[in-house]
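Laboratory data are not the source of any read-out in this text; all were calculated from the coordinates shown. Just so it is clear, the model here is predicted, and its values are computed rather than measured. Cβ placement follows ideal geometry from the backbone for every residue including glycine, while neighbour counts extend to all protein chains displayed.
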Amino acid sequence: MLVTDGLIAAVDPTAKVEKLSAARKAEKVDVAGRVILPGFVDSHTHLIHAASRAEEYELKIRGVGYEEIARRGGGILNSVKKLRAASSSQLKRRARAALEVFAAHGTTTIEAKSGYGLDVASELKILSLHKELSAEQPIEIVSTFLGAHVVPAEFRSKKNGPDEYVKLLTDWLIPEVAANGLAEYCDVFCDRGAFSRGQSKQILEAGKQHKLAPRLHAEQLSHTGATRLAVELGAASCDHLEQINAADIRALAKSNTVAALLPGCDFHLGLKQYAPARKLIEAGAIVTLATDYNPGTSPTMSIPMILSLACTQLRMTPAEAVAAATINAAYSLSRHRRIGSLEVGKQADLAVFEVEDYREIPYYFGVNTCWLTMKNGQVIHAA
Ligand code: NIG
Ligand code: FE
């Protein structure tokens, strides 16, 4: 591969590339016998949060359910309390450390959602951090506004509080986010204990009016009809999908809305029902895989671990899993013309693995075989 000005200028057998005149003065990176993939594109993360929820992890192991913890005031609201109390620089320091771990596992682009602020100042603080971090470190960050993660505590105690919060999002926060160019996408957690299908529709339509393309947390804990809504709205993706039915699968297969599968959540929460990846693929849906990096349901930055889960739990082949976490993910972020595959003219975003066969990447589960990561032709991680 020949890289010029951060772009792929040639991909061919070594002897052929070395004959190109631009190759003669090029700096050589010898990857001898290792496997090169496009840098991973992680299309679903909750990058900015203040702390882990390891205390809840132990409760879950002892048998207390995720939703029961949320009803007791833990869960997302626990993270909201911690984020509101944290300074921008504390949040940035934690996110920067996480971004280095993403890079060390071969990821070169991530999507990042707000959603642990849930008031005007805190949500804007998170989205501004996406922008600052994008400028200050090499991993590209695609920003998504998730003000509709759950109804914050101060609106729950009021009569009509949830409706007032939806109004705050549609009439004030979404226009503000869009006017300041702080997000490309708008997401809603449409589920039991979060937002209804009707509320989700209102919020995503307001987002669309302000040029924020919809994404949706859909059918994770219960079946709400969120998948059908995502398809109707022409959403870029609908994510989770553990509870989808046959009609949802058919609707997704006929659409350009990407089915984003997040098996890290089921693994971390110890749930048995993974999304029906095989049925989705066989029906013709576009499937992606992502970490869903977040403190409550999927505390991992490792796409290789997600590939392992996709292979053993979702029964995806290693090739399907790699495509899901690269070119399909790039498509779901509307960046498939620039990233997601190693082709002439695309960005030189790539990851090199210390393996002889690409199937060994998911095969060695829980082991990081990433040897080198490159973003726009610059080495950003070397083992
Ligand atoms: O993608 N489902 C909603 N949001 C996150 C979890 C948030 C949390 O528990 O902190 C998810 O799983
Ligand atoms: Fe999520």
My understanding is that a pair violates if its Cα-Cα distance is over 23 Å; which of K82/K211; K208/K254; K201/K272 do that in this structure?
K82/K211; K201/K272
Which of P299, L289, I339, positive extreme of dipole for the stretch 279-340 (C-beta unit charges):
I339
Highest-fluctuation residue, E27, E219, E164 considered, GNM on the chain with Cα pairs under 10 Å
E27
Amide H of M316: which non-local residues (sequence gap of 5 or more, or other chain) have their own amide H closer than 5 Å, using H built in the peptide plane?
C311
List the residues whose amide H sits under 5 Å from the amide H of I380, counting only those 5 or more places along or on another chain, with H placed 1.01 Å from N in the peptide plane.
T373, M374, K375
Could you give me the ³J(HN,Hα) list for the stretch 260-276, computed from phi with Karplus coefficients 6.51, -1.76, 1.60 and θ = phi - 60°, whole Hz, x at Gly and Pro?
9, 9, 10, x, x, 5, 5, 5, 5, 7, x, 8, 8, 8, 7, 5, x
In nm, spacing of pseudo-spin labels at Y364 and K16 (7 Å Cα→C-beta vector):
3.0
Note the angle between two axes, namely the Cα long axis of helix 88-104 and the longest principal axis of the Cα atoms of the chain, as a number of degrees from 0 to 90, rounded to the nearest 10.
40
At a Cα cut-off below 20 Å, give the lysines reachable from K158, other chains included and same-chain residues fewer than 8 away excluded.
K81, K167
Using a Gaussian network for the chain with springs between C-alpha atoms less than 10 Å apart, which of these wobbles most: A324, A283, A226?
A283
S89 label point, 7 Å along Cα→Cβ, cut-off 20 Å on backbone N: hits in the stretch 42-79?
48-51
Which trypsin sites (Lys or Arg not before Pro) in the stretch 269-352 pass both tests, a DSSP loop state and at most 16 other beta-carbon atoms within 10 Å?
K272, R315, R337, R338
Amide H to amide H under 5 Å from L7: which residues, 5+ apart in sequence or cross-chain, H placed 1.01 Å off N in plane?
A348
